Amino acid sequence: MEAGATAGGSSGNAQSSPASAAAAAAKSLLYHDYANDSKLSISLRRYKLKDQVVCPNCGQFHEPQGTHLYDYHQAVDEDLMCQICLQPLVNPLDTRCGHTFCSRCLHNYLKIQSQCPVDRQRLVDADIQQSSILVRRLLDKLLVVCPNVDYCEEVLPRSELEAHLLHRCRGAVTRCIKSSLGCTFQGPRSALQSHLWECPYRDQDGGKNPVMDGEVSTIEIQRTQADLGISVVGGCDTPLACIVIQEIFPDGVIAKDNRLLPGDQILEVNGEDLTQATHYQAQQLLGQYYPVCRLTVYREKAEESRPIEKEEILKITLNKVKGRQLGIKLVGKRSGPGVYILSLVPESLAALDERLRPDDRVLEINGIDVSYGTQEQAAHIIQTSADKVQFVISRRSRPQTPDLIRSTSDNSTTATNYSMIRDNSPSCQKCHERLVTVTKDPLETLGISVAGGLDSPRGDTPIYVTNINPLGSLGRTKQIKKGDILLSINGSSLLGLTHNEAVSLVKMNTDNKVVCLKIINGPETSHNQGNFTPTWLFWQQMPRMCQTMKTVTLLRSPSGSLGFSVVGGVDSEKGIPPYPVYVKSVVLDTPAAKDGRLKCGDILLSVNEESLQGVTHTKAVDLLKMADGAVALTVVSWPGTIV
């Protein structure tokens, strides 16, 4: 994709391009014409103008084949400016004489004159090449302002604007979900919900737009009851980073609609963005009642079932030492072009440096592009280097957030929010053990209701308090609250029992005059009069003793896929504390989906007896990839949040 110059305003750059000026004039005219209207009216009318086109990539007005326009948040370094358009470089190209221009600017210039625009040296297409990866990365990171200033104040890297406009921006132009039936509505995303109430095509086609694999889909569901009938996991404050459907309950609204599946990611509900929502925020938004519930969702394709990877570009310089070898073994791959690091010789300069890793792809050596080179070419450049060797390498790793939804270039913000889901943690301070002793009449009950236990309707959980009679023997003491976990009664453990076994044990001990309960303070408390229902985050805080482990054995499909993707793990380089490895998605028609026991949000403890606790994400993925034949997974499965 080619992007381009600025629409002026915030960058303070020297001049604006003709396209930029035209766009600014168009916007100025539009806002002048409708200055007395509401913001909604302004936006709706500007989107309907026929002589201008709102670009889906940059969100600005320009001709269909015109240069993309950006509003830069800060002044841009002059070294990153094109000397033809005087704007920040877009898809930059280097000339033989050492100058850099936008790709489109330079090609258009060469159609008129076969010379460099700066020093007038003879120049043809064969004398130009793509700029280095480092320059392109610097340009991608330039901060731009979302063009839909009436609705959005987002400032983000230039490379992320297209995804922002497509999936998150409330002011981005969008069409009605009934456009395939003939609806001509086109306006800001925030106005779509209101339009749907009046859409003339609303009741046609039964509202049954299909959910497409590998695409963002928007569907409408008639909400005939308060709950949607699903459970969800994840959120921007968890390693899953997005909201995922874990379970669909029979006879619920979603089940009757029959389009959504476990593993579908919910990006938006009734115009509200969930990609930036915490787990609790998503719970509140999904719980709001609308007669018609509009959901924007994403479903992974089967071929995407292996962990999605992101590319990290690193620049690493190694100094040569006389009499010492660098110790880098290079290799090619049948699966594609390029040169990769096979291994590092122990005690060599590269091994002691510890920055290069096996499977790194070498893109450049000393400024020479070897992304499509051979082992011999790369080795020759290294051997003939004088004092140092400068590598630009590509390293692939699993992002915490799908690229579709959000950039993962900065993990530090979300990492600090995962305080409730750290591995090897006895959980938060609220979840400490304590003893509760009550003296009562032998014929009096404890006055509490409990749920949970092995094989309970929501899965394997410890026994927890759902309701308390304030006039009962425990209610009068006010020493226990809804959500507390019951560990034992009069010294008899309640862990590892079914619900019926636990209730029977409690009843047996209520005949005593003195009853002693060992409990864990619940990390959530309900002040509602109804029964307490724990969320998915509630269970993530449980100490190890409350976990029930199960083994799920899967056979790889003929394509080699197990059918699920993972997130989490240790990132030692960035100092992030250890987090469990989570199942993020389970893909339809794969071994994991057909087996049915593995759920989104499950914690993986081991694979074929190889522990996944305290390992990096990359290591966890490697262990899963290398496991052949019958793959035995040790899993802790907690129920999701009901909405």
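The values are calculated or read from the model by the stated rules, or taken from the named source; none is laboratory data. Only a predicted model underlies this, so the values are computations on that prediction, with no experimental measurement involved. Note: ideal-geometry Cβ built from the backbone for every residue, glycine included; neighbour counts use all protein chains shown. The protein model used for the area step is the full one, side chains on, heavy atoms only, and it has no ligands, DNA or RNA in it. Shrake-Rupley method; radii C 1.70, N 1.55, O 1.52, S 1.80 Å.
Scanning the range 470-489 for residues that are assigned to a loop (DSSP other than H, G, I, E, B), of a type outside the set (Val, Ile, Thr) and closer than 20 Å to Asn521 by Cβ yields Pro470, Gly472, Lys478, Gln479, Lys481, Lys482, Gly483, Asp484. Inspection of the range 113-129 identifies at least one residue that is in contact (Cβ under 8 Å) with a residue 40 or more places away in the chain and out of contact with any Ser or Thr (no Cβ under 7 Å at 6 or more places or on another chain). Residues in the range 436-453 that are in contact with a strand residue (DSSP E or B) (Cβ under 6 Å, 6 or more places away or on another chain), surrounded by fewer than 18 Cβ atoms within 10 Å (Cβ to Cβ) and closer than 16 Å to Leu505 by Cα: Ser449 only.
Can you tell me which of Leu123, Leu161, Leu143, Leu139 is open to solvent by 20 Å² or more (accessible area, probe 1.4 Å) and either in contact with a Gly (Cβ under 9 Å, 6 or more places away or on another chain) or at pLDDT 80 or above (or both)?
Values: Leu123 fails: open to solvent by 20 Å² or more (accessible area, probe 1.4 Å); Leu161 fails: open to solvent by 20 Å² or more (accessible area, probe 1.4 Å); Leu139 fails: open to solvent by 20 Å² or more (accessible area, probe 1.4 Å).
Selected residue: Leu143, the only one of Leu123, Leu161, Leu143, Leu139 that is open to solvent by 20 Å² or more (accessible area, probe 1.4 Å) and either in contact with a Gly (Cβ under 9 Å, 6 or more places away or on another chain) or at pLDDT 80 or above (or both).
Every condition in (1) open to solvent by less than 10 Å² (accessible area, probe 1.4 Å); (2) out of contact with any helix residue (DSSP H, G or I) (no Cβ under 6 Å at 6 or more places or on another chain); (3) more than 16 Å from Ala282 (Cα to Cα) is met by Ile221 except one, and the failing one is (2).
Kindly evaluate Arg357 against the criterion of being within 37 Å of the chain's Cα centre (by Cα) and surrounded by fewer than 16 Cβ atoms within 10 Å (Cβ to Cβ).
Working: within 37 Å of the chain's Cα centre (by Cα): yes; surrounded by fewer than 16 Cβ atoms within 10 Å (Cβ to Cβ): yes.
So Arg357 passes the test.
Take the residues of the range 362-394 that are open to solvent by 50 Å² or more (accessible area, probe 1.4 Å), assigned to a strand (DSSP E or B) and out of contact with any helix residue (DSSP H, G or I) (no Cβ under 7 Å at 6 or more places or on another chain): which is farthest from Glu312 (Cα to Cα)? Even if it seems obvious, please write down each step before you answer.
Taking the range 362-394 as the starting set, the residues that turn out to be open to solvent by 50 Å² or more (accessible area, probe 1.4 Å) are 366-369, 372, 374-377, 380, 383-384, 386-388, 390.
The next check asks that each one be assigned to a strand (DSSP E or B); those that pass are 368-369, 388, 390.
Retained after the next criterion (residues that are out of contact with any helix residue (DSSP H, G or I) (no Cβ under 7 Å at 6 or more places or on another chain)): 369, 388, 390.
On the way: Asp369: 17, Lys388: 23, Gln390: 17 Å.
Among those residues, the one meeting the criterion is Lys388.
Would you point out the residue of the range 217-234, among those that are under 13 Å from Leu267 (Cβ atoms) and among the small types (Gly, Ala, Ser), that is modelled with the highest pLDDT?
Looking at the filtered set, the residue picked out is Gly234.
Tyr109: of a type in the set (Phe, Trp, Tyr) and in contact with a helix residue (DSSP H, G or I) (Cβ under 8 Å, 6 or more places away or on another chain), yes or no? No, not satisfied.
Note on the range 149-168: residues that are over 27 Å from Val392 (Cα atoms) and either in contact with a Ser or Thr (Cβ under 8 Å, 6 or more places away or on another chain) or free of Cβ contacts under 8 Å to residues at least 40 places away in the same chain (or both) total 9.
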